[in-house]
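See below for the structure under consideration.
The values are calculated or read from the model by the stated rules, or taken from the named source; none is laboratory data. As the structure is a computational prediction, the values presented were derived from the model and not from experiment. Every residue, glycine as well, gets a Cβ built from its backbone with ideal geometry; the counts of neighbours run over all protein chains shown.
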């Protein structure tokens, strides 16, 4: 099986600062992968590089064997960690925008998820709470039939009562051969859905392992292992 995402010696610097420092990583299709690390470890940088929003300083990153660009964006669905949609638009407008822009967008899927979350097509983004805006962006992202979903803090602003539904949405709306790369600080909330975990530390991938194997080997949760690995790392 070919890799959906490959990093070889991937580097990204910001002047004197170093975002990524030689990341080697390979993700196969069909897995939900947690991208875990403290603030400043390079999680958002890696996701932006995979989406073609940044250019590597060294090494390479490939999506299904290709450098990130227009061709790979057709198979990658990206959720950034900040509001990015025009807030004057209604959910109906946004659905039409995504349907027109992405050939793999499924409006029936987005409609079902909006309804389940109590969101209405006439709602305007500017009138929604921060949590509901985040839900809207996630619904639109997960309504594409993508090969790779890049989710940067998808549940950070979502109320705890909705998190289980959001996580079920992530699982239920990606195909068997799709991969989800999910960056989050809320490890305890998401680890039940993770197939694999990647720990980033000081711009390097210091661990990439099957989540069940890690728990069995260490005799504790992924969250507990993470806290031990980064106990002296600081945020």
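Kindly establish whether residue 112 is without any contact (Cβ under 8 Å) to a residue 12 or more places away in the chain, touching a strand residue (DSSP E or B) at 6+ places or on another chain (Cβ under 8 Å) and not in a loop (DSSP other than H, G, I, E, B). So residue 112 fails the test.
Rundown of residues vs (1) under 13 Å from the mean Cα position of the chain (by Cα); (2) closer than 28 Å to residue 6 by Cβ; (3) part of a loop (DSSP other than H, G, I, E, B), yes/no style:
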{"site": "161", "(1), (2), (3)": "no, no, no"}
{"site": "167", "(1), (2), (3)": "yes, yes, no"}
{"site": "174", "(1), (2), (3)": "yes, yes, yes"}
{"site": "181", "(1), (2), (3)": "yes, yes, no"}
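When segment 215-235 is filtered for residues that are surrounded by fewer than 20 Cβ atoms within 10 Å (Cβ to Cβ) and in contact with a helix residue (DSSP H, G or I) (Cβ under 8 Å, 6 or more places away or on another chain), the ones remaining, listed by number, are 215, 218, 221, 223, 224.
In segment 148-165, the residue that is nearest to residue 45 (Cα to Cα) out of those that are surrounded by 22 or more Cβ atoms within 10 Å (Cβ to Cβ) and out of contact with any helix residue (DSSP H, G or I) (no Cβ under 6 Å at 6 or more places or on another chain) is 151.
Rundown of residues vs (1) under 29 Å from residue 136 (Cα atoms); (2) modelled with pLDDT of 95 or more, yes/no style:
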| site | (1), (2) |
| --- | --- |
| 18 | no, no |
| 27 | yes, yes |
| 32 | yes, no |
| 42 | yes, no |
| 49 | yes, yes |
| 69 | yes, no |
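Taking strands (runs of 3 or more DSSP E) as the structural unit, those lying wholly within segment 1-67 and holding at least 2 residues that are under 19 Å from residue 185 (Cβ atoms) and in contact with a strand residue (DSSP E or B) (Cβ under 8 Å, 6 or more places away or on another chain) correspond to 17-28, 32-36. Among the residues making up segment 191-233, those that are part of a helix (DSSP H, G or I), over 30 Å from residue 14 (Cα atoms) and in contact (Cβ under 8 Å) with a residue 60 or more places away in the chain are 191, 193, 211, 222.
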